[in-house]
Amino acid sequence: MRKTDASQNPLGNLDDWDEFVAARYPEPGQKAKEDYRNYDNPARESVREFYSLNHQHQTYDFVLKKKQQYLALNQREMTVLEALDYLNTLVDDSDPDIDLSQKEHLLQTAEAIRAKGYEDWFVLTGFIHDLGKVLCLFGEPQWAVVGDTFPVGCKFSDKIVFAEFFADNPDS
């Protein structure tokens with residue numbers, strides 16, 4: 001059987017999938033492991049601002065209001081593919097490491113899980129884990145939708161990134 005060019009048709013032959021992924025998402029070259037998740041990098045001041053807003057405004061009362069607003073399920077219907085297309089327009093302000101599109105990030109996450117041999121349900125979970133970011137489509141600011149999560153309505157751990165920003169949170 002003739003091998004297909006994976007960059008032209010990555011799913012044309014499943015044997016080509018690993019080659020396609022390796023070419024599309026090469027292993028990090030020079031970046032040391034300790035350089036990932038570097039929230040102090042001045043090149044990403046938007047990350048610091050994101051966590052400042054997130055930690056100040058993400059409160060128990062805020063969460064209750066959003067649950068009431070969105071659990072009515074009356075905003076919009078869209079397919080997963082429509083949601084992915086929308087997400088591709090979003091740059092996640094909470095991530096200091098990555099400038100991939102959201103679609104690339106979701107594919108990369110799912111592929112990393114698949115490559116480790118996990119079950120299909122977990123691969124799917126990796127693929128859809130950020131679909132909630134579509135709430136930005138309805139006017140939600142990124143600080144309310146993306147990034148790390150933490151419990152609200154209780155004392156905040158000092159292990160949370162930029163824990164000092166919780167000083168202005170009413171739940172503190």
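For the reader, a short list of remarks on this structure follows.
- In Hz, Karplus ³J(HN,Hα) per residue of region 77-89 (6.51, -1.76, 1.60; θ = phi - 60°; x = Gly, Pro): 9, 8, 7, 4, 5, 5, 5, 4, 4, 5, 4, 5, 8
- Charge dipole (region 44-168, unit charges on Cβ, about Cα centre) - positive-most of 64, 46, 117: 64
- Phi-based couplings in Hz for region 130-140 (Karplus 6.51, -1.76, 1.60; Gly and Pro marked x): 10, 4, x, 5, 5, 4, 4, 4, 9, x, 6
- Per-residue packing, averaged as other Cβ atoms within 10 Å, sorts the ranges 53-60, 158-165, 65-72 into the order 53-60, 158-165, 65-72, beginning with the highest.
- Applying a threshold of 26 Å to the alpha-carbon distances of 65/133; 116/159; 67/116; 65/155 flags 116/159; 67/116 as lying beyond it.
- Given charges at Cβ of Lys, Arg, Asp, Glu: region 44-168 dipole, positive-most of 163, 145, 73: 73
- Rounded to the nearest 20, the Cβ-based charge dipole of region 44-168 about its Cα centre (Lys and Arg +1, Asp and Glu -1) stands at 420 debye.
- Ranked packing of 136-142, 149-155, 116-122, most packed first, by mean Cβ within 10 Å: 136-142, 149-155, 116-122
- Expressed per residue, the C-alpha convex hull volume of region 44-168 stands at 134 Å³.
Laboratory data are not the source of any read-out in this text; all were calculated from the coordinates shown. No experiment lies behind these values; they were computed from the predicted model shown. Here the Cβ is made from the backbone with ideal geometry for all residues, glycine too, and neighbour counts use every protein chain on show.
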